[in-house]
Structures are given as structure tokens and as C-alpha cells.
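A short write-up of the structure that comes next.
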Amino acid sequence: MSEQGAHAVIAGIEELLPVLRERAQEAEDARRIPDESIKALQETGFFRLLQPKPYGGFEADPVTFYTAVKLIASACGSTGWVASILGVHPWHLGLFEARAQEDVWGGEGSDGIDTLVSSSYAPMGKATVVDAAGEPVTGPVPDDGGYRVSGTWSFSSGCGHATWVLLGGPAFDAEGNAVDFCTYLLPAADYTVDDVWDTVGLRGTGSNDIVVDDVFVPKHRTLSFLLTSRLDTPGQKVNPGPLYRLPYGSVHPSTITAPIIGMAQGAYDAHVEHQRQRVRAAYAGEKSQEDPFAKVRIAEAASEIDAAWLQLTHNIDELYQLACRGEKLPFDTRLRVRRDQVRGTERAIAAIDRLFENSGGRALRAGTPIQRFWRDAHAGRVHAANDPERAYTMFGTGEFGLPVENAMV
């Protein structure tokens, strides 16, 4: 993507921010992002930032994508979260076989290059290896076969706007032996959405359940997670650009942290504006903008947000530049990306907590942005990608020169 094109997408996002900010409460009340907001984001080209060029995508520098996500989330946490999740899936789909990409972006009945895909990668269901007739077989999946998939997958953010879904889960042969762990690509006709999303944070994300009842998924619509972690996927044959040589364990977890940093920025902006106007009755009418302790908290929060963002963008850019040069991506660099990704979430949460504690009772009112950002960020914090102990343990294991047995790197 040209620098001019990237600037155009970012400029379009920046123009949308006031509208997204105004719709934040609407999204929360409806428990889903307004259709008008999704359409507006599509018109900026946002959802095609990480999409392969053969299907109308930009194959943009990933930092451009994360920058756009941060901006969106600074206006509305739920919209930023859904945008980030739906926006990264064109990248993931680009790792699948060419036939799968054609099914989604060029197939009959699709929405063309504007097709949106949701996901739920938690292994809540299972798949059985079958032949072309749908009969279970022993061993690996035949080329003309596939999988019978069943189960209920939770937390599929933005699924109400998508017409396809990516689902993660183990695969077993006819004898019950585990043969792989895959991502399965299903069209909307093969699943139902169970409306169960009613939460204290990220209420507007519509992260409902996906229910699948014994559906056949052809082999070409599946992707082995082992191949994904090895950076050796069938999609790289048709999408040879550097974007598709980046690790899933770097790209996807950063997709979770980027909107949380954006929420922290939104909370920061709202807090500063709130403090400019606030008078503290408990302290003889002292103006908050004259309170030295309030200034200290603002400085601390600003530094945490900046540090989180600088680490995330520096690390992702380092990987991308290595990929652009065709160089090997060092495993210790990938471990550092995961370390700093979870640390970035922790920094963002610390910043929001520091500000919220000093915002006063009026910030608790329903509809105020500060409390909404606080709730949304804490809801995002509990995502599996933000498990700090696991990421830090992986990094420490690598530093000791011991083997790291985890595919999410």
C-alpha cells in the first residue's frame, strides 16, 4: 500500500471519530455496533488494510492497521474492539488455500471484497476426520475429504456483521486419536448465532456464541495451527508478500492489545477534559486543574500509554521489516513481541485505573465516557491473549535457552 493510501485510510478514520464517539452509548445499549458505523468503516478502506491485493486489499504495513484500531478505540471501546477483530481476519484468511479465499471474497452469494469474517478460536468444539462421503476415517484427512464439525464457540465479537466465521478446535480420527488442531472456515448457512452477550464491559461488541451442529467442512477451508505457527501456510504461495510471513502469535495478540491502548487513550482524553472543568467540593472548591496530585496522575498515565504503544509498534515494525527483507524472524524477537504485548495491556489498564481513581463521583454516572472506557478495557483485559504469566514464562524459558512449547508465539 502506498504511503498516500495509508494516509487516506487514517484520515478517513479521523473524520469518523466524532460520530463514533457520539454512538458509543448507542452501541452499548444495543449490545452491538450500529450498522452505520460498520458501513462507514468499510468506506474508509479500513477492513481491507490487511486483505490480500488480489482481492482488493491493501496489504498495508501492520503498524498502519494498529494505528487505525487505536484511533477507533479511543472514540468507542466496543467499536475499536470489533474493528480490530474483524479487521485482522482478512490477514488470517490470506494464510488459507486460494480456494478458501475465493469462496469468501469471490464466491457466489458472498459480499465480494467487503465480506466480513468473525471468529472464536477457543477450542470449545471438535472435529472428526471424514472422507468425501462424510464417513469417519483413521489417520490424516484425505484430499477430497474434510471434517465433521460440532460445538458451541463463545465470544465471537462482531459476528452479527459477518457472513463467515473462523473457529478453532482439535481434530480426531475415527478411532478418537488427536490428529491436528485446526482453524475451520464456515459460511453463515452452516452455523447459528446464539444471542447471549450481556456483560459489564465491551457490551457493544455483540460477542455472541456460534453454534455448529455436525457440519461438513472441506479440507481446503481448514488450516493447521501447526503450519501457522511454523510460518509455512498454503496461502503464502498465492500471497507471497511480507505481511503474510508474520507470526500469528505476534499479529493476533497485538490485535487484542491495540484497542485496549486506544481505550486508555480515550479515557485519558476524557479525564483531562473532565478535570479542566471539575471543582472538588470536598476540598473547599479547589479546581482539579490546580491540584498537583492530579497532575502527577496524568503524567504517570500518559507515560504508561506512550510506553505501551511505542513497544507494540516498535516490535511489530521490527518483524515486518525483517519480513520485507526476506530474513528469518528470530524466535527471541517473537518471544519479546508476546512479552511486550501483554505488558502493553497491563500498562494501559494501569493508566486507566490511575485516572479513574482520581475522576470523582460524577464520572460514575451512566453514559459518561470515563467509566465506559474503564469497563471496556477491563473486559478486554480478560481475553486469553492477555495472560501475562504464560507470556512472561515463555520469554523467561527462552532466555534460559530452554525449548518453548507454545504455538502462540
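The values are calculated or read from the model by the stated rules, or taken from the named source; none is laboratory data. Please read all numbers here as calculations on a predicted model, not as lab measurements. Ideal geometry is used to build each Cβ from the backbone, glycine not excepted, and the neighbour counts take in all protein chains shown. Keep in mind that these areas ignore ligands, DNA and RNA; they rest on the heavy atoms of the full protein, side chains included. Shrake-Rupley method; radii C 1.70, N 1.55, O 1.52, S 1.80 Å.
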Go through the stretch 354-398 residue by residue and tally those that are touching an Asp or Glu at 6+ places or on another chain (Cβ under 8 Å) and without any contact (Cβ under 8 Å) to a residue 60 or more places away in the chain.
2
Selected residue (criterion: farthest from the chain's Cα centre (by Cα)) from residues of the stretch 5-14 that are open to solvent by 40 Å² or more (accessible area, probe 1.4 Å) and touching a residue at least 24 places away in the same chain (Cβ under 8 Å)
Ala8
Among the residues of the stretch 291-317 satisfying the criterion of being in contact with a Phe, Trp or Tyr (Cβ under 9 Å, 6 or more places away or on another chain) and open to solvent by less than 30 Å² (accessible area, probe 1.4 Å), which is farthest from Pro253 (Cα to Cα)?
Asp291
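On the basis of being aliphatic (A, V, I, L, M) and within 24 Å of Gly168 (Cα to Cα), does Ala122 make the cut? Break it down stepwise before answering.
Numbers: aliphatic (A, V, I, L, M): yes; within 24 Å of Gly168 (Cα to Cα): yes.
Yes; evaluated as a whole, the condition is true for this residue.
Ala73 - would you say it is over 28 Å from Asn315 (Cα atoms), among the hydrophobic types (A, V, I, L, M, F, W, C) and buried (at least 21 other Cβ atoms within 10 Å of the Cβ)?
No, not satisfied.
Mind checking which strands (runs of 3 or more DSSP E) fall wholly inside the stretch 133-238 and carry at least 3 residues that are open to solvent by less than 60 Å² (accessible area, probe 1.4 Å), under 30 Å from Gly326 (Cα atoms) and out of contact with any Asp or Glu (no Cβ under 8 Å at 6 or more places or on another chain)?
Where strands (runs of 3 or more DSSP E) fall fully within the stretch 133-238 and carry at least 3 residues being open to solvent by less than 60 Å² (accessible area, probe 1.4 Å), under 30 Å from Gly326 (Cα atoms) and out of contact with any Asp or Glu (no Cβ under 8 Å at 6 or more places or on another chain), they are 178-187.
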